[in-house]
Each structure stands twice: as C-alpha cells, then as structure tokens.
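To start, the structure itself, in structure tokens.
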Amino acid sequence: MPKDWSALCVGLVIGAYWARVVKLVLKARRRTGRDANFVPREPVGRALRFIWYLTVIVWVAYPFFHAWRPSGLLYTMPMVRWLAVAVALVAFLATLVCWKRMGKSWRMGIDPNEKTQLVVSGPYAYVRHPIYALSSILMIASVVAVPTIVMIVVGCIHLFFLQWEARREEQHLVRVHGESYQKYMSTVGRFVPLWWHRHSCL
C-alpha cells in the first residue's frame, strides 16, 4: 500500500497528462505519417527536447516512487498538498479542452517544414500559449503536492524550458504567419490575459 496518497494521486494526474500526449503523437502519425514533431527536425529543438524529456521522465516517475517510499518532504500540511492535487487535476482537464481546440494543428514545438493553421479562438483568444500556461500550473501543483528537493529541481528545469520554447515558437510563428501573428501577439498575453497583467500592474 502507498504511504503518501497525495503523491500517488498527483502522479496519476501527471501520468494521464503525458499518456494523452503520447496518444496525440500516435494519432498524428496514423493520420499524416509524421510524429507531430515529437522528435524535432531542427537541431536546437532536438537538443532541447532530449534534456526536457529526461526531466519529464523524472516528473512522471518520482511521485510514484515517493508514494511508496516517502522521504525528504519540506513540509507536511495535508490540506495544502491535497489542494495542489485538485489544482493539478483541473489543469489537466483544461488542457484537454486546449488540445481539442487545436485539432489537427496540434504539434510539439517547431517544425520548420510545416505550416499549420493559426488557432486564435477558445482559450487561445485569451493567452497565446494556454497549454504551456496550464503545464506550468500542473508543474507548480506537483511541487506543492510533493514538496521535495527533487521535485523543485525538476520544476525549475521544466518551467525554464517552457519559457524558452514559447519564445522560440513565437519567433517561428512570426516568420510563418507574419503580420497576422504579430497583431495577435499585441492583443493576447503569452501566459496570462493582457487585461490581467494590466490590472496587476495598477
């Protein structure tokens, strides 16, 4: 029996998230013969993804390991940890909505040889990278649910790569879609709605 149920539950959420990513990749391969950029074709993307995937493996596996052999918690506070599990679940469910909205345009990162339809409706009408924003929330919730040094290190690496990849993708989309994407960038925030950013600065 697991000794840390909140770690187990957040691990199940993280596992479901990445299982869905793999399912989307396989679905894209069956439909197009390509892997939705699971293995990037551009050199920087491949190097970035190699380190990122190692981080994801630890992110998925560690909560399960910790659930059976808990150690090194920086705090206990069960209510806070269970609240983080609930936040992680909401972030995963909201990500399902974003994936559905992207439809056939869903890709992982940058494929310089492919031009997909620009999606600016639904969640994308409010933030440019809702999937990355929700992945950030899921990662932070994971750290709160399993507050160990290992998870903090994994969280910092993952959040850094999300920020880096979002900016690389925006540069690529400006090259592909030109003025239409630049206009979109000027009216829609990267990870939070612009109206929220303006309000928080008042």
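The values are calculated or read from the model by the stated rules, or taken from the named source; none is laboratory data. Everything quoted here is computed from the prediction, not taken from an experiment. We place every Cβ from the backbone using ideal geometry, glycine too, and count neighbours over all the protein chains shown.
Before moving on, here are some points about what is shown:
- Scan of segment 42-78 for residues that are under 22 Å from Y17 (Cα atoms), of a type outside the set (A, V, I, L, M, F, W, C) and at pLDDT 85 or above, ordered by number: Y53, T55, Y62, P63, H66
- The residues listed here are V153, V176; of these, the one that is modelled with pLDDT under 85, among the β-branched types (V, I, T) and surrounded by fewer than 16 Cβ atoms within 10 Å (Cβ to Cβ) is V176.
- Taking first residues from segment 145-161 that are touching a residue at least 40 places away in the same chain (Cβ under 8 Å) and partners that are part of a loop (DSSP other than H, G, I, E, B) and surrounded by fewer than 18 Cβ atoms within 10 Å (Cβ to Cβ), the Cβ contacts under 7 Å between residues at least 6 apart in sequence or on separate chains come to P147/L73; P147/L74; P147/Y75; T148/G72; T148/L73; T148/L74; I149/G72.
- Screening V150 against (1) farther than 23 Å from R49 by Cα; (2) hydrophobic (A, V, I, L, M, F, W, C); (3) more than 12 Å from the chain's Cα centre (by Cα) leaves a single unmet condition, (1).
Each row is one residue, and each column tells you yes or no for (1) within 13 Å of A7 (Cα to Cα); (2) touching a Pro at 6+ places or on another chain (Cβ under 9 Å); (3) not in a helix (DSSP H, G or I).
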site: L73; (1), (2), (3): yes, yes, yes
site: R81; (1), (2), (3): yes, yes, no
site: A86; (1), (2), (3): yes, no, no
site: A91; (1), (2), (3): no, no, no
site: L96; (1), (2), (3): no, no, no
site: R107; (1), (2), (3): no, no, yes
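- Residue that is assigned to a helix (DSSP H, G or I) and either in contact with a helix residue (DSSP H, G or I) (Cβ under 9 Å, 6 or more places away or on another chain) or within 28 Å of I149 (Cα to Cα) (or both), where the choices are F38, F64: F64
- A single entry from Y17, Y62 fulfils the requirement of being surrounded by 14 or more Cβ atoms within 10 Å (Cβ to Cβ), of a type outside the set (A, V, I, L, M, F, W, C) and under 30 Å from H172 (Cβ atoms): Y17.
- Selected residue [in contact (Cβ under 8 Å) with a residue 12 or more places away in the chain, hydrophobic (A, V, I, L, M, F, W, C) and surrounded by fewer than 13 Cβ atoms within 10 Å (Cβ to Cβ)] from L74, L48, L54, L24: L74
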